[in-house]
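Worksheet: the structure to be examined is printed underneath.
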Amino acid sequence: MNIFRIRSRSLLTLGLLTGSALLIDGCKAEVTVESSGTGDDETTTDTGDGDGDGDGDGDCIQASLATSIEYNPNFGGLVAVVDAVGFDNHAFTLASYGPTAAGTIDLGSGANANYGTCTECAVIFEQVQGGGSWFQVQGTLDLTEYNGFEASAGTISNLRMVEVDIEAGTYTSTPVPGGTCVEFADDIAWDLVGD
């Protein structure tokens, strides 16, 4: 079990996905995720960073989602299991930490360029002791309907995420020098309107 810093202010027990649980106490979370997906034989693994500076400008690990996106009412965001070579126990999350409305949102610029300041935040968390985190550096979030993520529909396209360290307390994300990056070649889509 790994301790992750999640931006939250209350003690909650979350069932992120089937066979998983998340306990948040202030800003500390313990996460366990079980997945039957072990990766796709056609998925390729690359180093993730062309020049070793952690900005993800090289070839990336190609990823998709192994499960449908689900809304978690206790977490207040969307969750799914990642399917990629070497990513056997990773959870994709999308949450909002500020005013969000239907429309097109750039995930890689402005306040959304850092986990400590993002309003719309896509993160992959590795669910093992000492596991890593990957944060958005590129992508477009198109929310066609939004009344909170529990009643939303949208797509994320051209999503690229880089391995980051997240500073305790400030949640500032810093790219890991020589770290990996992850790309989602296909759009990530969901429609929870009317669910």
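The values are calculated or read from the model by the stated rules, or taken from the named source; none is laboratory data. Since the structure is predicted, the reported quantities are computational estimates derived from the model, not experimental observations. Note: accessible area is taken over every heavy atom of the protein model, side chains too, but ligands, DNA and RNA are not part of it. Shrake-Rupley method; radii C 1.70, N 1.55, O 1.52, S 1.80 Å.
I need the shape label for the stretch 58-170. Rule: rounded when a/c is under 1.5, else prolate if a/b > b/c, else oblate, with a, b, c from the alpha carbon gyration tensor.
rounded
Using the Cα gyration tensor of the stretch 109-195, with a ≥ b ≥ c the square roots of its eigenvalues, what is the shape: rounded (a/c below 1.5), prolate (a/b larger than b/c) or oblate (neither)?
It is prolate, given that a/c is not under 1.5 and a/b is the larger ratio.
Rounded to the nearest percent, how much of the accessible area of the stretch 61-195 (1.4 Å probe, protein heavy atoms only) is carbon and sulfur?
The value for the stretch 61-195 is 46 percent carbon and sulfur by accessible area.
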